[in-house]
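Every read-out reported here was derived from the displayed coordinates using simple, explicitly stated rules and does not represent laboratory data. Not measured: the values here are computed from a predicted model. Cβ atoms come from the backbone with ideal geometry, glycine included; neighbour counts cover every protein chain shown.
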Amino acid sequence: MAPLIGAWRLLRVLLHVLHAAAICAFVFPIVGPEARRGRVGWFAQRMLRLLSIELTSHVALETRGAASPRRVGWPLVMWRAR
């Protein structure tokens, strides 16, 4: 049963990547930077969910002068598989 579950998860991840590639090709050229950041965040959250990875942060991140708060302090974020 485990190989079947693994194959199902792999298929879902591959479909997610293909969906993201389509978004990059067809949606990104016509939307603004804020919408792009939202799509990137959506992609990352969904990918982590598909891989059963839960992110937790144990520090307060200071984003002064950063272009995007999501991308600051990424080495400080810890992950844990369920």
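Please go through the stretch 10-42 and pick out each residue that is part of a helix (DSSP H, G or I) and among the small types (G, A, S). Even if it seems obvious, please write down each step before you answer.
Filtering the stretch 10-42 down to residues part of a helix (DSSP H, G or I) leaves 10-26, 28-30, 33-42.
Once the filter is applied, which keeps residues that are part of a helix (DSSP H, G or I) and among the small types (G, A, S), the stretch 10-42 yields A20, A21, A22, A25, A35, G38, G41.
For the stretch 18-37, give me each residue that is under 21 Å from L51 (Cβ atoms) and free of Cβ contacts under 8 Å to residues at least 12 places away in the same chain.
Hits for the stretch 18-37 are L18, H19, A21, A22, C24.
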Within the stretch 23-35, restricting attention to residues that are among the aliphatic types (A, V, I, L, M) and surrounded by 10 or more Cβ atoms within 10 Å (Cβ to Cβ), which residue is farthest from R46 (Cα to Cα)? V31
